Amino acid sequence: MKARKIVIFIFGVLAALAVLCAIFPEDGITIGNIHYEFPTLDEILTVANEPSTQNPEDFLAQQLKATSTSDDKEFKKFTESNPARFHVPGNDITYFDDLFDAMENAKSEPMRVLHYGDSQLEGDRISAELREKFQTAFGGSGVGMVPAIQHVGAMTVVQSASRKLPTYFSYPMGEHLRNGRYGIMSQVAHLNGSVQLTYRASNLEDVPHSKTYSKVTMVCCGKGNATLTANGTTLPMTDAAGTTEGVKFLTATLHSPARKVSINANGNMEIFAVLLDDTNGISVDNVPMRGCSGTVFAHVTDRKTLEPFFKRNKVSLLILQYGGNSVPYLKSEKRMRKYKESLLAQIILFKAMSPETKILFIGPADMSTNVKGKKETYPQLEPTINMLQEVCNETGIAFWNLYDAMGGHNSMIQWVKAGLAGKDYVHFTRDGASEVADMLFNTFLMYYHFYCKREGKTPKDFH
């Protein structure tokens, strides 16, 4: 074919496309059960724009630099406008001072950071790095709270059981219970007979404080007994409070730290959690709940199996990281309002159970979906984040906008390109989760430094 004919053919095709663009309804048409859309003329003629989001590494480096200031004016600027700042009730920069007090005293009075979230936390992602840095500065060891039977592996601990136990979940992971007796981890294993539960530190080298356990506790209900075997010695596990009814905390303290422990339990029991801790310092608990939107605590879980944990343990910080699972479905004001009301109930419950606990809600990360053939931030994401911040304002808790902290609109596309997020454009890779943990920790660190400055204290060394 001659060049002249090729050119005529190309322009003919473009003309036909232009006519289709002009006459095709902007909202598309529906034929049967199928909806068809056609790009507008502007979209055909406009070269697809790549997201203008800054390279994640450069953006994160800027955030790190912003959190390293010791200048009062720069700190004020950070707390008022930086994307990685904490949105605290009434803009009160002292909101976390009680938490920092508890951290300063943790070597003599142990405390916990309880990190709930959805599948972004699976594998002990995000929590593991926070744990390592907090324990380095304030003392403590161990991975904190784990389930009796692990259904999703963690990078910090290897678990096994001598036999399978029926396990029930309050969230969309498996079988459910009618009585709501799920306990502190929103899952429970039922024991009728005997079982050996074994926990061993993984070979992960960058979290050395997670590798040893000095104090092991089984949180449970029912009739039975348990012993702990470690370092060639077997110890009885007993409840110091002498509890015989309700939730029990069967505990054994080792004479020297161990990397591997086994619990031999016998009886008819509900096992809610196992705590792998130190005798002092900070414990950071990772509680991932795949598919959960954070609404199961007040509406699904029996409070009698949840509240005792807060009564018996000093939970100085509760982190709730939810919202991402709801984003695709919040397409109407009615659904948004219903989700908001449900979240308000959860936070009111936690504040009633443990008034002294500081609460930080972490909003969802950027999430991409297909919009007219290309990846874009979910249209409902920003309205959802705004609603979550309203919930935090109304209940007087802190909010961390992960969406803003990672770069905002369409930032997930850049994180995927950098290998910091998966090809689902929703979940972080391990490297990405580590970056998120660094951002969160550095923000805590900045507020902590200015707490020390106000109190005339020397900040702990986190390195």
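We did not get these values from a lab; they are worked out from the coordinates using the rules stated. Keep in mind that this is a model prediction, so the values were computed, not measured. Reconstructed Cβ throughout: ideal geometry from the backbone, glycine too, with neighbour counts over all protein chains shown.
For Gln196, neighbours were defined as the other residues whose beta-carbon sits under 15 Å from its Cβ, and their charges (Lys and Arg +1, Asp and Glu -1) total +4. In terms of the Cα gyration tensor, with a ≥ b ≥ c the square roots of its eigenvalues, is region 202-279 rounded because a/c is under 1.5, prolate because a/b exceeds b/c, or oblate? It is prolate, given that a/c is not under 1.5 and a/b is the larger ratio.
Computed 3J(HN,Hα) for region 256-264, one whole-Hz value per residue from the Karplus formula 6.51 cos²θ - 1.76 cosθ + 1.60 where θ = phi - 60°, is 8, x, 10, 8, 9, 9, 10, 9, 9, glycine and proline marked x. Near Leu344, once Lys and Arg are set to +1 and Asp and Glu to -1 for all other residues with Cβ below 10 Å from its Cβ, the sum equals -2.
As a calculated quantity, the FRET efficiency between Ala418 and Thr238 at R0 = 45 Å, using C-beta atoms, amounts to about 0.35.
Straight-line cross-link reach from Lys65 at under 15 Å between alpha-carbon atoms covers these aspartates and glutamates, not counting any fewer than eight positions away in the same chain: Glu57, Glu74, Glu435, Asp438. When each of His255, His409, His209, His87 is scored by the number of other beta-carbon atoms lying within 10 Å, the sequence from fewest to most is His255, His409, His87, His209. Counted by neighbouring Cβ atoms within 10 Å, the residues Thr217, Thr253, Thr234 run from fewest to most as Thr234, Thr253, Thr217.
For Cα extents along the principal axes in Å, which listed value, [x] 80, 75, 38; [y] 75, 44, 41; [z] 91, 56, 44, comes from the coordinates shown? Derived directly from the coordinates: [z].
Which loop-located trypsin sites (Lys or Arg not before Pro) does region 177-233 contain, where loop means any DSSP state but H, G, I, E or B and the Cβ has at most 12 other Cβ atoms within 10 Å?
On the way: sites: Arg178, Arg181, Arg200, Lys211, Lys215, Lys223; in loops: Arg178, Arg181.
Here the trypsin sites (Lys or Arg not before Pro) that fit, given the DSSP loop and packing criteria, are Arg178.
Note on Arg200 and Thr94: the model spin-label points, each 7 Å out from Cα along the C-beta direction, lie 5.1 nm apart. Lysines near Lys423 by alpha-carbon distance under 19 Å, same-chain residues fewer than 8 away left out - which ones? Cross-link targets: Lys372, Lys374, Lys375. Here the contact order of the chain, divided by its residue count and restricted to Cα pairs under 8 Å and six or more residues apart, works out to 22 percent. Under 26 Å of direct C-alpha separation, and excluding same-chain neighbours fewer than eight residues apart, Lys215 reaches these lysines: Lys107, Lys133, Lys164, Lys223, Lys248, Lys260, Lys304, Lys311, Lys314, Lys358, Lys460.
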